[in-house]
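As structure tokens, the structure follows; a few thoughts come after it.
The values are calculated or read from the model by the stated rules, or taken from the named source; none is laboratory data. Because the structure is a prediction, the values reported are computed rather than measured. Positions of Cβ are generated from backbone atoms using ideal geometry, with glycine treated the same way; all protein chains shown enter the neighbour counts.
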Amino acid sequence: MEWVENDALFKKELRQGFKWQLHVAKYFKDLGFDVDVPKLRIRESVNEISEFSDEPDIVWCGRIFEVKSRKVSFTCPADFPYQTIMVDTVSGWKAKEHKPTEYICVSTLTGAIICLGGETQPLWTEREAFDYTRKIRDMFYEADKSLWMPVDIMVRQMECFGRGK
């Protein structure tokens, strides 16, 4: 069975990802930022998949934040255990009509948050990799860890825009 047809795995991964979206949103809210997390919507069938490709994870001041959780231990970009960090699947990124302004990677082991500006996309590389959770081989965008920033740097940038939506 294809991963997209495996409703149980799809829903489990979706709920797990949503948990980490809320983790990141709480971090920003605790700092006084008025971020919005759209309600979790779950498709009724695999035929509806295209309706969800542009669903934002977090929205703030017109900026779209895409949250990716990784089962990797890190506290900042410098101690990320690999030279590159996966950003998104190539197909997933291309399917988004509204490209994320920021990518956020959160460690499910430490809770640490690191960030990548969407404007760095021309510097990303493509690599085929095997996704052990979904049991599929896919093309992924990845960015050198030197392009990623600690969350406190992004917070300082956000403060320039104010705290509201």
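Annotations for the structure displayed:
- Hits in region 124-138 (condition: surrounded by 12 or more Cβ atoms within 10 Å (Cβ to Cβ) and either acidic (D, E) or at pLDDT 95 or above (or both)): W124, R127, D131, D138
- Counted residues, region 72-93 - those being in a strand (DSSP E or B) and among the polar types (S, T, N, Q): 2
- Strands (runs of 3 or more DSSP E) wholly inside region 97-138 that include at least 3 residues being among the acidic types (D, E): 125-131
- Residue match in region 145-158 (condition: under 13 Å from the mean Cα position of the chain (by Cα) and either basic (K, R) or part of a strand (DSSP E or B) (or both)): no
- T89 satisfies every condition listed in (1) closer than 25 Å to R163 by Cα; (2) modelled with pLDDT under 95; (3) in contact with a Phe, Trp or Tyr (Cβ under 8 Å, 6 or more places away or on another chain); (4) among the β-branched types (V, I, T) except (1).
Every residue, every condition in (1) aromatic (F, W, Y); (2) modelled with pLDDT of 95 or more; (3) closer than 20 Å to A112 by Cα, yes or no:
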site	(1), (2), (3)
K11	no, no, no
K19	no, no, yes
E44	no, no, no
I49	no, no, no
F52	yes, no, no
D57	no, no, yes
C61	no, no, no
F65	yes, yes, yes
Y82	yes, yes, yes
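- Per-region count, region 66-111, residues of a type in the set (V, I, T) and closer than 21 Å to F130 by Cβ: 7
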